[in-house]
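*Asks:* Got a structure for you, questions after.
The values are calculated or read from the model by the stated rules, or taken from the named source; none is laboratory data. All values derive from a computational prediction rather than experimental measurement. Cβ: placed from backbone, ideal geometry, glycine included. Neighbour counts: every protein chain shown. What goes into the accessible areas is simple: the full protein's heavy atoms, side chains included, and nothing from ligands, DNA or RNA. Shrake-Rupley method; radii C 1.70, N 1.55, O 1.52, S 1.80 Å.
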Amino acid sequence: MRHLGARLTRIAPGRVHIVLPSRPQVTQQHGYFHAGATSAIADSAGGYAAYTLFPENTEVLTVEYKINLLAPAVGDHIEAVGAVLKPGRTLTVCQLDVFGVQHGRPGLVANGQQTLIRVNGPEQ
């Protein structure tokens, strides 16, 4: 996320927001946010949302995710929202929404779903 210039802006149990400002390094040839950058922040928002519900000394890994790109991602920034739909002891399912925010007005540009697995962290 540091490489992309993304930052966590909201963290709550089962819900995380990540913002990515617009700049040439994260856009494609037409000036829209690149699908890879859009997908990366969506995946991370869901992963962190699940992580907020996991016990200490556990980690999170994405098992699979699907993103539908609904509109060109334009704006001053994009904002990914990951929200836990179904927490589990092993697998957790999250909803992923990405909004293009132009002049303070959000518009949905991508939507998806993700499955994550909880794994034990390194022994201390």
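*Asks:* Would you please give the residues with an amide H less than 5 Å from that of Gly121, counting only those at least 5 places away or on a separate chain, with H modeled from the backbone geometry?
*Replies:* Amide H neighbours of Gly121: Thr58, Glu59.
*Asks:* Next question. Please compute the modelled spin-label separation between Ala35 and Gln102, points set 7 Å along Cα→Cβ, answer in nm with one decimal.
*Replies:* Once both label points are built, they end up 2.1 nm from each other.
*Asks:* Taking every alpha carbon pair in segment 1-99, what does the distance histogram look like in 5 angstrom bins from 0, in percent?
*Replies:* Bins of 5 Å from zero give 2, 14, 26, 22, 17, 10, 5, 2, 0 percent of pairs.
*Asks:* Then there's this: Just flag the GluC sites (Glu not before Pro) in segment 64-123 sitting in loop per DSSP whose Cβ has no more than 16 other Cβ atoms within 10 Å.
*Replies:* Those that pass, being in a loop and sparsely packed, are Glu123.
*Asks:* Would you rank Leu69, Leu20 by solvent-accessible area, highest first, keeping every protein chain in place and using a 1.4 Å probe?
*Replies:* Sorted descending by solvent-accessible area, the residues read Leu69, Leu20.
*Asks:* What number comes out for the charge environment of Asn111, summing +1 per Lys or Arg and -1 per Asp or Glu over other residues with Cβ under 15 Å away?
*Replies:* That sum, taken over residues with Cβ under 15 Å, equals -2.
*Asks:* Modelling each spin label as a point 7 Å along the Cα-to-Cβ direction, I'd like the His3/Thr52 distance in nm, to one decimal.
*Replies:* 2.6 nm
*Asks:* Nearest 500 deg cm²/dmol is fine: what mean residue ellipticity at 222 nm does the chain get from its DSSP H runs of n ≥ 4 alone, each adding -39,500 (n - 2.57), divided by its residue count?
*Replies:* -4500 deg cm²/dmol
*Asks:* Enter the accessible area per residue of segment 45-124 (Å², integer; probe 1.4 Å; all protein chains in place).
*Replies:* Per-residue accessible area for segment 45-124 comes out at 58 Å².
*Asks:* Let me ask another. List the equivalent ellipsoid semi-axes of segment 56-124 in whole Å, largest first, each obtained as the square root of 5λ for an eigenvalue λ of the Cα gyration tensor.
*Replies:* Over the Cα atoms of segment 56-124, the ellipsoid semi-axes are 30, 13, 9 Å.
*Asks:* Also: Go ahead and set up a Gaussian network model of the chain, Cα springs under 10 Å, then flag whichever of Ala40, Ala73, Ala110 fluctuates most.
*Replies:* Checking each option, the largest mean-square fluctuation is seen for Ala40.
*Asks:* Suppose accessible area is computed on protein heavy atoms with a 1.4 Å probe; arrange Phe99, Phe33 from highest to lowest.
*Replies:* Heavy-atom accessible area, descending, gives Phe99, Phe33.
*Asks:* Also, quick follow-up: Tell me the carbon and sulfur percent of the accessible area for the chain, rounded to whole percent, probe radius 1.4 Å.
*Replies:* Its accessible area is 52 percent carbon and sulfur atoms.
*Asks:* With +1 on each Lys and Arg Cβ and -1 on each Asp and Glu Cβ, how big is the dipole of the chain about its Cα centre, in debye rounded to the nearest 20?
*Replies:* 180 debye
*Asks:* Under 8 Å for C-alpha pairs, at least 6 residues apart: give me the relative contact order for the chain, rounded to a whole percent.
*Replies:* 27 percent
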